[in-house]
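One structure is given below, encoded as structure tokens.
Taken together, the values in this text are just the output of simple stated rules run on the coordinates, not laboratory data. These figures come from a predicted structure and were not determined experimentally. Neighbour counts are summed over all protein chains in view; Cβ atoms, including those assigned to glycine, are modelled from backbone coordinates with ideal geometry.
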Amino acid sequence: MGRFGIGQSVKRVEDIRLLTGNASYTDDINFKNQAYMYILRSPFSSAIIKNISVTEALKVKGVINIIDSRELKKNNIDDMRTSFLVKNKDGKEMNETTRNVLSNREVRYVGDPILAIIAEELEIAEEAAEKVQIDFEQKKSVTDVLKALESNAPIVRNELKNNLCFDWELGNKKETLNLLDNSEHRIEIELRNNRLIPNPMECRSTVGIYNDKDGKFKLYCSSQGVHSLKRKLALVLNLPKEKIDVITRDVGGGFGMKIFNYPEYVLTLAASKITNRIIKWRASRTESFLSDIHGRDHFSKAVLGLDKNFHFTALKVETIASIGSYISDFAVFIPTYAGTGMLTGCYKILSAYANVKGAYTNTNPTDAYRGAGRPEAAYLIERLVDKAARSLGISPVELRLKNLIEETDMPYKTAFGHVYDSGNFKKNMKDALILSDYDNFDKRKEESQKKGFFRGIGISTYIEACGGGGPEYAEVLVGENGNISVKIGSQSNGQGHETSYAQIVSEVLGVDIENIQVMQGNSIEIPNGSGTGGSRSTPVGGSALHLATNNLIKKSKKFVSRKLNVNEQEINYENGYFFYKSDSFSLAEISSLFSSQNDSLSSYESWAPPSGTFTYPNGTHICELEIDKETGMVDILTYSIVDDFGKVINPLLLEGQVHGGTVQGIGQALLEETIYDSTSGQLLSGSFMDYALPRASDLPNFKFSYNEILCKTNLLGVKGAGEAGAIGAPPAVINAICNALGIDHIDMPAKPEKIWRIIKSIKKAAE
């Protein structure tokens, strides 16, 4: 093994570039013949476009063109479609709808794109936008997911009779209801999973180039996978995918919302062809609030059955999920298969049934956001379990330990059909209890009471399905100087893949990572790829890379054996050298010999998870906090995490991923709230003045540990880690607040005012 192989806490090699100002983000890319695009967006949540006049706008000096939906149709640009559909529980097709790249006669949410204004400078385009005259006929709108399905709700999509997108089910309804009817105890809960706005550091941006000589398009953008975006663009542009190339350089965060195709990406390319100019577009932060895909926004009712010994019997869940005004790429998949299948969590539950309805609303489309359905599932079951413990007078620790799946039960098939291949949920929890000093909590609670504070402690267990899906592709190439080049189809968004991928190659080849360069995000140089999402990069991409690197050694051994006319088995490989008796050949020498034969020392491989399999990272979060009785302010004092991510490639990067995800989960639990005006449909939380993200001062130092229980569904034994923190944190925090206040439930975000009102009501009831 090299000095920086698997299991070592290597600092990120990409950080040198990122921290010295040498990174190359999309907004850093500029060309001489570059024009700028500004998107004129709807100021209304629901309206008919009666007339558009651009006469005065076109008079502004420096305006090149103003593109509308009719111009796009002339250029054979199609509507945008979703990538995933389900059938309703009655077997009928769901209510699929498409999305115009530019609104042609109707707008459905504040921020809906109407015109693309192209000018020599962005400021000129913005000035021209002020001179566009649009005659709107405003309509009533609906932004609340519950109200959307009421019989008198305003219709979001006029082609439909109501706002129902789909009505889907999973599980055994008859068996579940029968078990619930015969359960000794029934615990019910209603809760909201609040809508979130992703807000990565780097806003979306694009540079589009059309080459009229060969009819090819090139798009630079901030993405999570260039090949999937290339395929989606080809469908909308009605072109073979070979006519489109997508390049992504450094990315300042994605969290799921940079997976998708957006109207702006199509428009950038279309505008380049129409104007014969290179086109650049960059979202402002306000524009990001209005145009980026949002996450979550669910309302759920759930019932948990228990027998007389407090063993779980059955689970029934009914959920209404907001789809938004248009169906995004995976919007339907997230609340159905992605989330619902994980509702049973880490527990033995004999039978389960879920019914999920998707509702159109006059809001931003929703889709995958860090965890993508799994946080919603974990939040529901963990809030339900905590309420059960409180209602039945049993410790939340005891109730969980009584019902957690045993390590000896693996592989374990859940009531929803997932097969957990590995894990020791009880060990994770017991280790977390020790890490958090759980047994001495009561002493600390007394101390807080003396100071005039409520003190609470909350537990959550979690498990997620990730690292599945289609194949990933990797190529390892040895240069004549011995340096190793890696090309891989996933796309780093700041996770540190350049480092972890280099460590995998270092482990197999025994060379230092300083001699390994990793290339991602270029559909010209890298022929195939499935991209990054669902914590799949290391389990799937890493497996492909591991396979390619091992095959490189096999290929080289064959070459050496032919050269020496000896048996392949007689050749050994170690730390960059092949040995046969007294003879030795370096990788560089072998590469030179390949080159002399007009060949290259390389290995290209793909790897896909076995059909229907995933990795199942899991763990326990324990949050301890204080609440100020006078203000309702929450202060997280300690936060303890014990996870199982299978084989750990880089402990340092892993801890960073867990910290980042946990911070986002804490943000959802305490701070982040997307608010639409119920009458106008205006986004009231459309800036950082109104939408609170967690700061360092809101957070404690995390205590983090892990158990390496190798999974059996990929070549490395690794389990995805990118989303785990965002899954485990929300229920742990809310459970801690409920524990502190002695209440059954509070909806996220648990802001100080909401808590303060509860405290006041508790005091009033006690009087």
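Please compute the net charge surrounding L115, taking Lys and Arg as +1 and Asp and Glu as -1 over other residues with Cβ under 10 Å from its Cβ. Provide the component values of the computation, followed by the final result.
Values: positive: R41; negative: D68, E71.
Around L115, the charge tally is -1.
Given an 8 Å cut-off on Cα distances and at least 6 residues of separation, report the relative contact order of the chain as a percent. Please list the in-between numbers first.
Values: 1910 pairs, mean separation 125.8, N = 767.
Worked out over the chain, it gives 16 percent.
Between K450 and E574, how high is the FRET efficiency from 1/(1 + (r/R0)^6) when r is the Cβ-Cβ distance and R₀ = 60 Å? Nearest 0.05. Walk me through the numbers before you get to the answer.
Details: r = 64 Å, r/R0 = 1.07.
Result of the calculation: an efficiency of 0.40.
Roughly how big is the range 596-720's charge dipole about its Cα centre, with Cβ charges of +1 (Lys, Arg) and -1 (Asp, Glu), in debye to the nearest 20?
500 debye
Could you order peptides 229-237, 465-473, 549-557, 445-453 by the average number of other Cβ atoms within 10 Å of their residues, highest first?
Numbers: 229-237: 20.2, 465-473: 22.3, 549-557: 18.1, 445-453: 13.1.
Packing order, densest peptide first, comes out as 465-473, 229-237, 549-557, 445-453.
What does the charge count near S460 come to, summing +1 for each Lys or Arg and -1 for each Asp or Glu among other residues with Cβ under 14 Å from its Cβ?
Values: positive: R374, R383, K387, R400; negative: E376, E382, D386, E464, E624, D643.
Net of charged neighbours comes to -2.
Between rounded, prolate and oblate, where does the range 329-453 land on the alpha carbon gyration tensor, with a ≥ b ≥ c its root eigenvalues, rounded for a/c under 1.5, else prolate if a/b exceeds b/c?
Values: a/c = 2.30, a/b = 1.42, b/c = 1.62.
Judged from the Cα gyration tensor, the range 329-453 comes out oblate (a/c at least 1.5, b/c at or above a/b).
From the Cα trace of the range 127-225, what convex hull volume per residue do you get, rounded to a whole Å³? Before the final figure, lay out each step's value.
Values: hull volume 31.8 nm³, N = 99.
Taking the convex hull of the Cα positions in the range 127-225, it is 321 Å³ per residue.
Grab the Cα-Cα distance for E184 and T408, subtract it from 0.36 nm times how many residues apart they are, and report the gain in nm with one decimal. Can you show the working numbers first?
Values: separation 224, 0.36 × 224 = 80.64 nm, distance 2.74 nm.
Contour length minus the Cα-Cα distance gives 77.9 nm.
Cross-link candidates for K430: which lysines have Cα within less than 28 Å, leaving aside residues fewer than 8 places away along the same chain?
List returned: K308, K348, K387, K402, K413, K443, K445, K647, K703, K712, K719.
Tell me, what ³J(HN,Hα) does each residue in the range 80-94 have, in order and in whole Hz, if you take phi through Karplus 6.51 cos²θ - 1.76 cosθ + 1.60 with θ = phi - 60° and put x for Gly and Pro?
8, 10, 6, 9, 8, 10, 10, 9, 5, 4, 8, x, 7, 5, 5
Roughly speaking, what is the centre-to-centre gap between the range 554-578 and the range 609-661 when only Cα atoms are used, to the nearest Å?
45 Å
Specify the inter-centroid distance of the range 286-357 and the range 230-260, based on alpha-carbon positions, in whole Å.
So the two Cα centres are separated by 29 Å.
Just subtract the alpha-carbon distance of T55 and A765 from 0.36 nm times their residue separation and send over the number in nm, one decimal. Provide the component values of the computation, followed by the final result.
Numbers: separation 710, 0.36 × 710 = 255.60 nm, distance 6.54 nm.
Computed gain between T55 and A765 is 249.1 nm.
Could you compute Rg(Cα) / (2.2 N^0.38 Å) for the chain, with N its residue count? Please report the intermediate quantities before stating the final value.
On the way: Rg = 27.4 Å, N = 767, 2.2 N^0.38 = 27.5 Å.
Rounded to two decimals, the normalised Rg is 1.00.
Under 8 Å for C-alpha pairs, at least 6 residues apart: give me the relative contact order for the range 577-666, rounded to a whole percent. List each step's numbers first, then the result.
Details: 60 pairs, mean separation 14.7, N = 90.
With pairs under 8 Å counted, the relative contact order is 16 percent.
Among R695, R41, which comes first, second and so on when ranked by fewest other beta-carbon atoms within 10 Å? Kindly include the intermediate steps, with their values, before the conclusion.
Values: R695 10, R41 18.
Going from sparsest to densest Cβ surroundings: R695, R41.
Using the Cα centre of the range 29-161 as the reference point, and only Cβ charges (+1 on K/R, -1 on D/E), how large is the resulting charge dipole? Debye, rounded to the nearest 20. Intermediate values should be presented prior to the final figure.
Details: 21 positive and 21 negative charges, 97 e Å.
Its charge dipole is roughly 460 debye.
For D599 and K216, calculate 0.36 nm times their separation in residues minus their Cα-Cα distance, and state this gained length in nm to one decimal. Before the final figure, lay out each step's value.
Values: separation 383, 0.36 × 383 = 137.88 nm, distance 2.94 nm.
Full extension of this stretch gives 134.9 nm more.
Can you check what the net charge comes to around S678, using other residues whose Cβ is under 10 Å from the Cβ of S678 (Lys, Arg +1; Asp, Glu -1)? Write out the running numbers ahead of the final one.
Numbers: positive: K147; negative: D144, D677.
My count for the surroundings of S678 gives -1.
Mind checking the dipole of the chain: about its Cα centre, +1 per Lys or Arg Cβ, -1 per Asp or Glu Cβ, Debye to the nearest 20? Before the final figure, lay out the partial values.
Values: 90 positive and 95 negative charges, 207 e Å.
Computed about the Cα centre, the dipole is about 1000 debye.
Going by the alpha-carbon gyration tensor, a ≥ b ≥ c the square roots of its eigenvalues, is the range 154-290 rounded (a/c under 1.5) or, if a/c is not under 1.5, prolate (a/b greater than b/c) versus oblate? Before the final figure, lay out the partial values.
Details: a/c = 2.66, a/b = 2.27, b/c = 1.17.
It is prolate, given that a/c is not under 1.5 and a/b is the larger ratio.
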